[in-house]
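Some notes on the structure that comes next.
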Protein chains: 2
Amino acid sequence: MKLVVLGTLAFDSIQTPFGRVENVLGGSATYFSLAARNFSEVGVISVVGSDFHEEHLKFLEKRSIDLKGVEKTKGKTFRWQGYYEYDMDQAHTLKTELNVLESFKPKIPREYRKCDYLFLANTDPGIQMETLDKIKPKYSFCDTMNFWIEHKREELTELLKNVDGVFINEGEAREYCKTPNLIAAGRKLLKLGLKKVVIKKGESGAIFMSDKEFFAAPAYPLEVVKDPTGAGDSFAGGTIGHLAKHGKFTDEWIKKSMVCGSVISSYVVEDFGIESYRKLKHEDIEKRYNTFKKIVAFDHKY
Amino acid sequence: MKLVVLGTLAFDSIQTPFGRVENVLGGSATYFSLAARNFSEVGVISVVGSDFHEEHLKFLEKRSIDLKGVEKTKGKTFRWQGYYEYDMDQAHTLKTELNVLESFKPKIPREYRKCDYLFLANTDPGIQMETLDKIKPKYSFCDTMNFWIEHKREELTELLKNVDGVFINEGEAREYCKTPNLIAAGRKLLKLGLKKVVIKKGESGAIFMSDKEFFAAPAYPLEVVKDPTGAGDSFAGGTIGHLAKHGKFTDEWIKKSMVCGSVISSYVVEDFGIESYRKLKHEDIEKRYNTFKKIVAFDHKY
């Protein structure tokens, strides 16, 4: 397998100023794989309960997403309920029901081992580390969240020392690195041994830092953002999917792959949940990729 | 005169986590003109009190800044005292002493009339409008702040309908346009008749919108920001100074001029007050301009 993601398949209930949806397909592995499959084969390690809809699994499988690593178990599927205020800046969680996630022990199909790329979506850093150890991919990335920074800092640090790259949002980068300056935070993360640091900045895009490079990708300019849910995982999925397709782990490739990730997440936030993925085509991705070139272009003669 | 700025000459007292300075040379016209003079001749319309130091005027004049429009009057010079928290995100004002500004009626030297470019730095929109009417420049830009949005909204709207462009920070753009979405805010400003809208985003750079174009300029990545005072006016000064030098008012020129503005403000925030301007050279500007090209560059093949 070229690319594997450890993450959640979930039922999301979301309210934003533009509407609400209940118990729709969501979860980090869902968004990640729906983005990544535009470029690469992708396998999912996750768990769902007996209430998970067969049609959701079919929806993913129809899009060439490999679900051999998805365990079906007794109990209820992970559920998240949240809302966004008018500024869409931040998800406010109303309810998290871990359900089958509570006792989740990732089962890893043989063909996922030694994959090229592995993405460890936000979860307990202990589970992320265990999965990394078992899969031994060529290249690995992880995400995390404030809860783990605050409650499992040591395990998270151990993980960050063992993966090749991180996707982290700006607030979490500041919190983990204990500095308000993002560039200083990026340097601190690199010092842990990380080779590629990607800091997500929401409507201000994302920055990338390695030992040698700094890259800033703006967000695609959107007048209407209906639902930001899944934007970060879609961005990671588009980026790593594009990397996996070409098999390159260089700074140059990460930059253009990040633009692919930005493009995909720009479509995702234009509709609720995963709705945009139902109609997203290769031409759409190419179209906004080309717009991105123009957005950052300026005459090189000073 | 190619370029004229209406703004303040001030004594600033600033505290940041990196130190403090008291009663140093500051003010919007100071920062703007020190940035602009790297590219263009620039004249200042302002007022100072009898306590203003001769050495400050000499400092500016030595840098080819024309001070014929600076009125010296009885009373004390405008003073601002403020501090920045650890995150450097926002200036917190401790004290504003308007002093000679209170009864300021701009006097406009004959040679400033019909200048090519005029920048109306943040002040009472009535005074900005009056100055615009008297000068009748080829191209005009203004800045503003939350106080005028809240207390003189109608006068500000009148001004925005009469200038060619605006430099506004993201919080003020959101507040004036009554929308959290910056792209929507930009569109609303364009609908007033503005031809060029520049929204400043601090450490996330700036965006530019016209009827036809969208451009995103990141901020230069800095690990240490000592004092953000004057960054916005320096950015406007670098941008409009570069435009004035070349006499172009096209979208293409504004983009590269914005990069020049970003470069200059990146130097300014690395030291307190106007200290960086004492040593800033053309080679420095060119160096970071070239770095900017790399920061946003990605392979154009999708």
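The figures follow:
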quantity	calculated
Restricting the range A:197-206 to residues that are assigned to a helix (DSSP H, G or I) and of a type in the set (Gly, Ala, Ser), the residue that is surrounded by the most Cβ atoms within 10 Å (Cβ to Cβ)	A:204
Counted residues, the range A:71-93 - those being among the charged types (D, E, K, R), within 28 Å of residue A:225 (Cα to Cα) and assigned to a loop (DSSP other than H, G, I, E, B)	3
Some residue of the range B:78-85 being away from every other protein chain (no Cβ under 14 Å), hydroxyl-bearing (Ser, Thr, Tyr) and farther than 26 Å from residue B:266 by Cβ	no
Tabulated pairs, the range A:209-227, first under 25 Å from residue B:222 (Cα atoms), second charged (D, E, K, R) and assigned to a strand (DSSP E or B), C-beta under 7 angstrom, 6+ apart or interchain	A:210/A:196
Qualifying residue in the range A:202-211 (condition: more than 12 Å from chain B (Cβ to nearest Cβ) and among the charged types (D, E, K, R))	yes
Those residues of the range B:259-284 which are assigned to a helix (DSSP H, G or I) and without any contact (Cβ under 8 Å) to a residue 60 or more places away in the chain, in sequence order	B:259, B:262, B:263, B:266, B:267, B:275, B:276, B:278, B:283, B:284
Exclusive hit being in contact with a Lys or Arg (Cβ under 9 Å, 6 or more places away or on another chain) and either assigned to a helix (DSSP H, G or I) or basic (Lys, Arg) (or both), set A:32, A:11, A:59	A:59
Those residues of the range B:207-228 which are crowded, with 22+ Cβ neighbours inside 10 Å and within 25 Å of residue A:186 (Cβ to Cβ), in sequence order	B:207, B:215, B:216, B:217, B:218, B:219, B:220, B:225, B:227
Pick from the range B:27-42, criterion of a type outside the set (Ser, Thr, Tyr) and buried (at least 24 other Cβ atoms within 10 Å of the Cβ), ranking: farthest from residue B:14 (Cα to Cα)	B:39
Any hit, the range A:65-81, residues being farther than 17 Å from residue A:121 by Cα, at pLDDT 95 or above and in contact with a Cys (Cβ under 8 Å, 6 or more places away or on another chain)	no
From the options B:200, B:188, B:178, residue that is among the basic types (Lys, Arg) and at positive phi	B:178
Residue B:126 being more than 17 Å from residue B:12 (Cβ to Cβ) and either touching a Ser or Thr at 6+ places or on another chain (Cβ under 6 Å) or surrounded by fewer than 21 Cβ atoms within 10 Å (Cβ to Cβ) (or both)	yes
Some residue of the range A:9-19 being on the phi < 0 side of the Ramachandran plot, of a type in the set (Asp, Glu) and surrounded by 20 or more Cβ atoms within 10 Å (Cβ to Cβ)	yes
Which numbered condition residue A:224 fails, given (1) away from chain B (no Cβ under 13 Å); (2) at pLDDT below 95	(1)
Given (1) part of a helix (DSSP H, G or I); (2) within 9 Å of chain A (Cβ to nearest Cβ), index of the condition residue B:301 fails	(1)
Hits in the range B:229-257 (condition: assigned to a loop (DSSP other than H, G, I, E, B), under 23 Å from residue B:186 (Cβ atoms) and among the hydroxyl-bearing types (Ser, Thr, Tyr))	B:250
Residues of the range B:245-292 classified as surrounded by 16 or more Cβ atoms within 10 Å (Cβ to Cβ), of a type in the set (Lys, Arg) and either in contact with an Asp or Glu (Cβ under 8 Å, 6 or more places away or on another chain) or within 11 Å of chain A (Cβ to nearest Cβ) (or both), total	3
Enumeration of residues in the range B:227-244 that are away from chain A (no Cβ under 13 Å), of a type outside the set (Ser, Thr, Tyr) and over 14 Å from residue B:39 (Cβ atoms)	B:227, B:230, B:231, B:232, B:233
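Each row is one residue, and each column tells you yes or no for (1) out of contact with any strand residue (DSSP E or B) (no Cβ under 6 Å at 6 or more places or on another chain); (2) within 25 Å of residue B:257 (Cα to Cα).
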site	(1), (2)
B:13	no, no
B:23	no, no
B:31	yes, yes
B:34	yes, yes
B:41	yes, yes
B:85	yes, no
B:103	yes, no
B:106	no, no
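The values are calculated or read from the model by the stated rules, or taken from the named source; none is laboratory data. These numbers were taken from a predicted model, which means no experiment stands behind them. Please note: Cβ atoms are built from the backbone with ideal geometry, for glycine as well, and neighbour counts cover all protein chains shown.
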